[in-house]
1. Evaluate the following for residue 65: is it touching a strand residue (DSSP E or B) at 6+ places or on another chain (Cβ under 7 Å), touching a residue at least 60 places away in the same chain (Cβ under 8 Å), more than 18 Å from residue 117 (Cβ to Cβ) and surrounded by 12 or more Cβ atoms within 10 Å (Cβ to Cβ)?
2. Counting only residues that are in contact with a helix residue (DSSP H, G or I) (Cβ under 8 Å, 6 or more places away or on another chain) and part of a strand (DSSP E or B), which one in region 34-46 is farthest from residue 107 (Cα to Cα)?
3. Looking only at region 92-111, count how many residues are more than 13 Å from the chain's Cα centre (by Cα), in contact (Cβ under 8 Å) with a residue 24 or more places away in the chain and assigned to a helix (DSSP H, G or I).
4. For region 59-68, which positions are assigned to a strand (DSSP E or B) and over 22 Å from residue 32 (Cβ atoms)?
5. Go through the residues of region 69-91 one by one and say whether even a single one is in a loop (DSSP other than H, G, I, E, B), touching a residue at least 40 places away in the same chain (Cβ under 8 Å), touching a helix residue (DSSP H, G or I) at 6+ places or on another chain (Cβ under 6 Å) and within 20 Å of residue 42 (Cβ to Cβ).
6. Restrict the check to region 4-13 and report whether at least one residue is at pLDDT below 95, surrounded by fewer than 16 Cβ atoms within 10 Å (Cβ to Cβ) and not in a strand (DSSP E or B).
7. Based on this model, can you work out whether residue 52 counts as modelled with pLDDT of 95 or more, under 24 Å from residue 9 (Cβ atoms) and surrounded by 15 or more Cβ atoms within 10 Å (Cβ to Cβ)?
8. Quick one: count up the residues across region 112-126 that are without any contact (Cβ under 8 Å) to a residue 40 or more places away in the chain and part of a helix (DSSP H, G or I).
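The values are calculated or read from the model by the stated rules, or taken from the named source; none is laboratory data. Here the structure is a predicted model, which means the values were calculated and not measured. Note that we place each Cβ from the backbone using ideal geometry, even for glycine, and neighbour counts take in every protein chain shown.
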């Protein structure tokens, strides 16, 4: 029986592999030494011990970043789209300085959200 390829396997070898890998690596750098990945058939998820940050995948002619806490973070770059309960998307066509600045901001905003959320959960356990 043939095993299904993960999204990472497809995205890292396809037409937009270079952009995908650069975006992935940059997000991991922004998260820091604690950055981890999980691979599934449809997405590559990036997370840390604090919680999930985002998923990435190649769509059409860009890299799609799905920010898990997108609805709750400051979108000062006005790049996030979507109307889901929490996730907001970002389209990356090139990893230029403005895009890197936005990604760094969204990672930082997500981390702040996760710190606050996790502290609140600890207090509730209390």
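1. On the way: touching a strand residue (DSSP E or B) at 6+ places or on another chain (Cβ under 7 Å): yes; touching a residue at least 60 places away in the same chain (Cβ under 8 Å): no; more than 18 Å from residue 117 (Cβ to Cβ): yes; surrounded by 12 or more Cβ atoms within 10 Å (Cβ to Cβ): yes.
Here the answer is no, as residue 65 does not meet what is asked.
2. If we filter region 34-46 for residues that are in contact with a helix residue (DSSP H, G or I) (Cβ under 8 Å, 6 or more places away or on another chain), which is where we start, we get 35, 37, 39-44, 46.
Checking which are part of a strand (DSSP E or B) leaves us with 37, 39, 44, 46.
Values: 37: 15, 39: 19, 44: 16, 46: 10 Å.
Restricting to residues being in contact with a helix residue (DSSP H, G or I) (Cβ under 8 Å, 6 or more places away or on another chain) and part of a strand (DSSP E or B), the top hit is 39.
3. 1
4. Of region 59-68, the ones assigned to a strand (DSSP E or B) are 59, 62-67.
Matches in region 59-68: 59, 62, 64.
5. Going through region 69-91, the residues in a loop (DSSP other than H, G, I, E, B) turn out to be 69, 73-80, 82-87.
Add one more test, that the residue is touching a residue at least 40 places away in the same chain (Cβ under 8 Å), and what stays is 69, 73.
From what's left, touching a helix residue (DSSP H, G or I) at 6+ places or on another chain (Cβ under 6 Å): 69, 73.
Keeping just the survivors that are within 20 Å of residue 42 (Cβ to Cβ) gives 69.
Looking for residues that are in a loop (DSSP other than H, G, I, E, B), touching a residue at least 40 places away in the same chain (Cβ under 8 Å), touching a helix residue (DSSP H, G or I) at 6+ places or on another chain (Cβ under 6 Å) and within 20 Å of residue 42 (Cβ to Cβ), one finds at least one in region 69-91, hence yes.
6. Yes: one or more hits.
7. On the way: modelled with pLDDT of 95 or more: yes; under 24 Å from residue 9 (Cβ atoms): yes; surrounded by 15 or more Cβ atoms within 10 Å (Cβ to Cβ): yes.
Yes, satisfied.
8. First, pick out the residues of region 112-126 that are without any contact (Cβ under 8 Å) to a residue 40 or more places away in the chain: 112, 116, 119-126.
Adding the requirement that they be part of a helix (DSSP H, G or I) leaves 112, 116, 119-125.
The qualifying residues number 9.
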